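Asker: Pasting a structure below so you can have a look.
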Amino acid sequence: MMKLRWVLPLILALILPLLTVRAHGYVVRAIPADRSTLERPPTRLQYWFSEDLEPRFSDIKLRDQSGEVIASGSVDAKNHALLSLRVPAGLGDGAYIVELRPAFASDGHVIAESRVFFVGEEVGGVTGSAADDRAHPLEVIWRVGLNLANFLFFGASLLYTIVLLPAWGNPRNPLGILPSRVMRRLRNCLAAAVALALIANLVALLQQSMVFFNADALQVIQQNLWGVVLIGSRFGDVWIFRTVLLKFCVVLIFAAEFYRALMPQLSAGIWRGMPWLGALFIGLTMVTSHAAGSTLMPWLAITVDWLHALAAAFWTGGALTLLLPAALAPFEGERRRQAIRAVMLRFSRMVTPLVALMIVSGIYNAANFFVSPADLDSAYGRTLAVKLLLIAPLLFIGAWQHIVLRPQLAARLQRACALLPQSLHTWMGQTVSTGKALRLEVMLMLALLGAVAWLSATPIPEPKSLWKEIETPQATQIVGDYTITSAIMPGGPGVNTYDSVVWRGAAPATDVELRLQLVNPRRGIRSLWHPMEQVEAGLYAAAGDDIDEAGEWWSLTDIISADGAVTRAAAAWAIHEAAAVTQSRPPHIAHFALLLGILFILGSLVQRRARRLLSALNLGPATALLAVGALVVSITVMVAGALMINERQRQYEETLHPPPEQVNTVLPDAESLRRGEALYHVHCLVWQGQSADFRALRNRLGRARDDFLYGVVAAGWRDLPACAGELGERDRWDIVNYFRTFEERT
């Protein structure tokens, strides 16, 4: 039979060639789209990503087809998931290459890829390059080391607290309530885990600095680039916190050893508190993992991933394998088997719900990233399949241990599986009773840790729905001497960028001011007037989240010349939900079902403590009925309260923005303002005075809705009479649009 020492190299040799990887995150919206052909040069390049980026280590460059850098950009100051670049004026026809180098904040991974767009006509022979699909070997090494250290620390400390103490604990052993040889092995395990974690932490900092700065290890060390990573990234923040905790663990281990004779109770208390630190170490790993970049409630994804890792850390049995030889050294024969059985029974009883927790939480984690079955055909899906193949034999060995340790269950299974050779039953029983099954589990788990490290370096699948590009809405108008080309990017609900290119004759207009207002005519909502920044000759830009739903919207752009003259450009836009930049998605019913399963399993883990609490409370039938009734009433009140709050919020929104009685159907462009001015001077002569009511009406323009002003034109307001003469509906709307130009703007 093949020796166990060859199992790990064989499995790794089989899985390593299968695990090709790329970095994390993906582009969720690109303007312009890859390989798109544009009639005119874009004013700005924008690439939205599925998660936030590290501003200090992310950049974007624009090159012409000869390779010369034309312009550079960076992460947007208001949206850290957006890489943007201002395109220089006068860009000629031809091919242009966009180089993207985003550094993702969730896990510190950096990718380098390029995309192409054309101005005028498509140019042959110019292509972009996909992201490098090779994993950084140094990253895999430190991730394996850190995972192994975390699992060993948490598994050994928790094993001591909830398995060894109840199974072997004896008050006659003053040093930790266990024999000295066991405590020495426990101390050595935790010390080795801390040492391994410190080494892995240092390697992680070196590798992350190399990736961020695209430099080799010697440059990182000589130029102290690692210091910049520590103070300028999320990875650095987590690294510092982890290092401080590791140093604290060193102090605790030293204190437990130093006071083991003087204050044995203090020493035992320190050992009992170690699992909490181990859980925290594993949690820190989740903060810089796939879960942190989840589009489905990241905080919940991190929590579930953390529970998944905690269950796996205890289930592997690695710590038990290391502690068993020292604990069983004095025993032989039947006493040895009884000692093993006492521990294994308790260990198996604890592991059963943890395995269930690991499976359900693992399915939830996968559901975070697989939006559709087609996403399974990805590097992440294939790597996950390899991980599942390694888990299958571990589950089989664990199930067999559970059966062998229970003679009645084993006998029933043997009768049910009479076709299986008796030698197989005997061999499996011996492996469990002698601890060989645990050693086999550890060997498989080491291989699994390698697969987990590769999975951490594998990109989550890009949803196929993102492959459909949405055309950026644009509009060009000629008003007087001005030619205005406006664009809303990306043109969906949420944060948008508003660009306007203004030319006066044949030259860009550089001596004007632009102000922008967004209007939803159906709801009667108007934004404040936004001053647009001149980012280069003739290009003006603003950004905001005023567009909050799909449908028809108006943009009103006032061009104010040096002499104070105002020229109005207005455009109607069809805002599409599909163009929204979505970095989050709503949960599906399957997610809720999995979460309920996780809660049920957690409840089963604490049921014994709950039973003890109920027993201590000495609840009778009447008391239990009262408690259940109070619980039902409490849940009912909470649900009713939540519904009431939602209804109050809806009513509040309707109070603030009730549907208008009449909807303005006339776009307030320059032509409407011209007609409205003429009608105003003919039919609204009484309004042209300086009465108190007229001044009050002007002061209300900033907060007055169009339907209110329409009513004033048609029926008057206070002592102001209605506009005289025969006026049609469009005439009144023209007057309303013109009268709004009296609004004072600061």
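The values are calculated or read from the model by the stated rules, or taken from the named source; none is laboratory data. Since we're looking at a predicted model, the values are computed, not measured. Cβ placement follows ideal geometry from the backbone for every residue including glycine, while neighbour counts extend to all protein chains displayed. SASA here: full protein model, heavy atoms, side chains in, ligands and nucleic acids out. Shrake-Rupley method; radii C 1.70, N 1.55, O 1.52, S 1.80 Å.
Asker: How much accessible area does HIS576 have with a 1.4 Å probe, in Å² rounded to the nearest 10?
Answerer: Surface open to solvent at HIS576 totals about 100 Å².
Asker: Need one number: nm distance between label points at GLU471 and LYS78, each 7 Å from Cα along Cα→Cβ, rounded to one decimal.
Answerer: 2.7
Asker: Give me the percent of accessible area attributable to carbon and sulfur for the range 468-578, probe 1.4 angstrom.
Answerer: In the range 468-578, the share of accessible area belonging to carbon and sulfur is 52 percent.
Asker: Could you sort ASP719, ASP548, ASP707 by accessible area so the largest value comes first, with the probe set to 1.4 Å?
Answerer: Correct descending sequence by accessible area is ASP719, ASP548, ASP707.
Asker: Oh, and also: Quick check: residue separation of ALA670 and ALA562 times 0.36 nm, minus the Cα distance between them. What number comes out in nm?
Answerer: 37.0 nm
Asker: Cβ under 13 Å from ILE270's Cβ, ILE270 left aside: what net charge do those residues give with Lys, Arg +1 and Asp, Glu -1?
Answerer: Local charge sum for ILE270: +2.
Asker: Let me ask something else about it. Mind checking the per residue accessible area of the range 687-746 for me, 1.4 Å probe, whole number of Å²?
Answerer: In whole numbers, the range 687-746 has 52 Å² accessible per residue.
Asker: With a point put 7 Å past each Cα toward its Cβ, work out how far PHE258 is from THR510 in nm, to one decimal.
Answerer: Rounded to a tenth, the inter-label distance reads 7.0 nm.
Asker: Considering amide H positions built from the backbone, and no H for Pro or chain starts, which residues 5 or more places from ARG44, or on another chain, come under 5 Å of its amide H?
Answerer: VAL87
Asker: Which order do GLU39, GLU671, GLU471, GLU51 take when ranked by solvent-accessible area (1.4 Å probe, heavy atoms of all protein chains), largest first?
Answerer: Result of the area sort, largest leading: GLU39, GLU471, GLU671, GLU51.
Asker: Relative to a virtual label point 7 Å from the Cα of ALA550 in the Cα→beta-carbon direction, which members of the range 27-50 show backbone nitrogen distances below 19 Å?
Answerer: 28-30
Asker: What is the range 187-284's relative contact order, in percent, from Cα pairs under 8 angstrom and six or more apart in sequence?
Answerer: Reported relative contact order: 23 percent.
Asker: Exactly which trypsin sites (Lys or Arg not before Pro) in the range 212-266 are in a DSSP loop and have at most 16 other Cβ atoms within 10 Å?
Answerer: Answer in residue order: no site qualifies.
Asker: Let me ask something additional. Do any GluC sites (Glu not before Pro) in the range 697-746 lie in a DSSP loop with no more than 13 other beta carbon atoms within 10 Å, and if so, which?
Answerer: Sparse-neighbourhood loop GluC sites (Glu not before Pro): GLU726, GLU744.
Asker: At a probe radius of 1.4 Å, what is the per-residue accessible area of TRP554, in Å² to the nearest 10?
Answerer: About 10 Å², ignoring ligands and nucleic acids.
Asker: For ASP64 and HIS681 in one chain, what is 0.36 nm times their gap in residues minus the Cα-Cα distance, to one decimal in nm?
Answerer: 216.6 nm
Asker: In the full protein assembly as shown, how much of ASP52 is accessible to a 1.4 Å probe, in Å² to the nearest 10?
Answerer: About 70 Å², ignoring ligands and nucleic acids.
Asker: Let me ask another. Find out how many positive minus negative residues lie around PHE708, taking Lys and Arg as positive, Asp and Glu as negative, among other residues whose Cβ is under 11 Å from that of PHE708.
Answerer: Every neighbour counted, the sum reads 0.
Asker: Could you check the spin-label model distance between ALA89 and LEU389? Points 7 Å from the Cα along Cα→Cβ, value in nm.
Answerer: With each label point 7 Å from Cα toward Cβ, the separation is 6.1 nm.
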